[in-house]
Amino acid sequence: MDGLIYVYGLVPAKEAANQPLPPLQGFDGTGGLYAIPMQEVTAIACDLEPGTYTEENIEDRIQNEVDWLQEKAFHHHETVMQLSRLYTMVPMKFCTLYKNEHNLQTAVQESETKITRAFSIITGNEEWNLKIYCDDERLKAKVSRSHPEIEAKRAEISQLPKGRQFFEKKKLDKLVDAKLEEEKNKISESIHHDLSDFAMQGNVKRNWSSDVTGRKDQMTWNSVYLISGSETERFLERVQQYEQDMKETCWEFVASGPWPAYHFSSFS
Amino acid sequence: MPIQDSLENKDIALIDILDVILDKGVAIKADLVISIAGVDLVYLDLRVLIASVESLVQAQQRERKTVSSEQFDRQREALIDATGQPDKWKN
């Protein structure tokens, strides 16, 4: 058949044979999902009308059609989430389309070893995301009061003539900002290091600005962990412990999961 | 109740979803495959971000619900009413 195929993810062929695919609606709301069995790998996909999507118009819609992006992103996410509960799944990137089944089969066959390796990495494990936020102003006040280097500098400045004090205070402000960043990184890194002990793998992601999060406090850490299913509760208890211990000192912890293994099944 | 159960049904912001599905996941290259390039979040329309704020508001309510587009639509309308901002989703 020569139509566009939207692929949600790849699952081990044995699992797909043992667990029938539930009825799930396709990307365009017409037609359902179906399995494409290959040797070791089964793709979960749906058909799209040929000619309805091109690389250019998908990118254009992602950039310019927020309604479409919101609806389709949720569809992709919800579908992959449901499938991940049933199968060990290597999730595909949003809008990964193949022009026909033969093309998909060739691509999968060429990467079969890598795909089966990805299955073995994620089997029985869960992906969790942790975002750590900090109220910069409160921590800054604390750092400014208690950091020995800043205290010493402040005492030194107080001995200077008024004119020089002005410029030295400006420099001191910069020092406080630098020490604040240092403190935030130090604390976040040590938490990440500690939490990594519960995980098979841990990756650090880029922090988002307040424009993106819509929050008043700042994101100081954004990381993902691949955790054995049996360790998840201990990991989350640890996060909760940090949350309780550090709530009063302007830190907040937001864990989310389990996610489909987006970060730990990628291969090039 | 285990912590995991309480988190599993927590709403996930659209921005969190976009961060992974546009950037991560697998796209096996082959001739004729259509696959988008990695899209940087900073280039996405800021309107998307309102959905993120909506989800945070809802997360604070600690309600157990599953995420759905309809739910977001309702919240978006409520947020727009509350903030008095024009509905940028409508043409």
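Read-outs throughout are calculated quantities, based only on the coordinates presented, and are distinct from any laboratory measurement. Being a predicted model, the structure only gives us computed values, none of them experimental. Cβ atoms come from the backbone with ideal geometry, glycine included; neighbour counts cover every protein chain shown.
Stretching A:SER190 away from A:GLU15 to a fully extended chain increases their span by 59.1 nm, per 0.36 nm per residue minus the current alpha-carbon distance. Estimated purely from DSSP H runs of n ≥ 4, each contributing -39500 (n - 2.57), the mean residue ellipticity at 222 nm for chain A is -16000 deg cm²/dmol once divided by its residues.
Mean separation of Cα pairs under 8 Å and 6 or more residues apart, divided by the residue count, gives chain A a relative contact order of 24 percent. Assuming a ≥ b ≥ c are the square roots of the Cα gyration tensor eigenvalues, decide whether chain A counts as rounded (a/c under 1.5), prolate (otherwise, with a/b larger than b/c) or oblate. Prolate. Tell me which of A:ASN203, A:ILE191, A:PHE235 sits at the most positive position along the dipole axis of segment A:174-263, charges placed on C-beta atoms (Lys, Arg +1; Asp, Glu -1). The Cα lying farthest towards the positive end belongs to A:ASN203. With the cut-off at 1.5 for a/c, could you classify segment A:169-226 from its C-alpha gyration tensor as rounded, prolate or oblate? Note, shape of segment A:169-226 comes out oblate. Across segment A:26-34, computed HN-Hα scalar couplings (Karplus, 6.51 cos²θ - 1.76 cosθ + 1.60, θ = phi - 60°) run x, 4, 8, x, 10, x, x, 7, 9 Hz from first to last residue, x flagging Gly and Pro. Beyond 24 Å in Cα-Cα separation lie the following of the pairs A:LYS93/A:LYS114; A:LYS131/A:LYS186; A:LYS93/A:LYS184; A:LYS216/B:LYS24; A:LYS72/A:LYS99; A:LYS93/A:LYS205: A:LYS93/A:LYS184; A:LYS216/B:LYS24.
A cut-off of 5 Å between modelled amide H atoms, ignoring neighbours fewer than 5 places along the same chain, links A:THR42 with A:VAL11, A:ALA13. Taken along the Cα-to-beta-carbon direction at a fixed 7 Å, the label points for A:ASP67 and A:HIS102 span 3.9 nm. Note on chain A: dipole from Cβ charges, positive end direction compared against A:SER146, A:LEU130, A:GLY26; the farthest Cα belongs to A:SER146.
Extension gain, A:ASP135 to A:SER210: 0.36 nm times the residue separation minus the Cα-Cα distance gives 25.9 nm.
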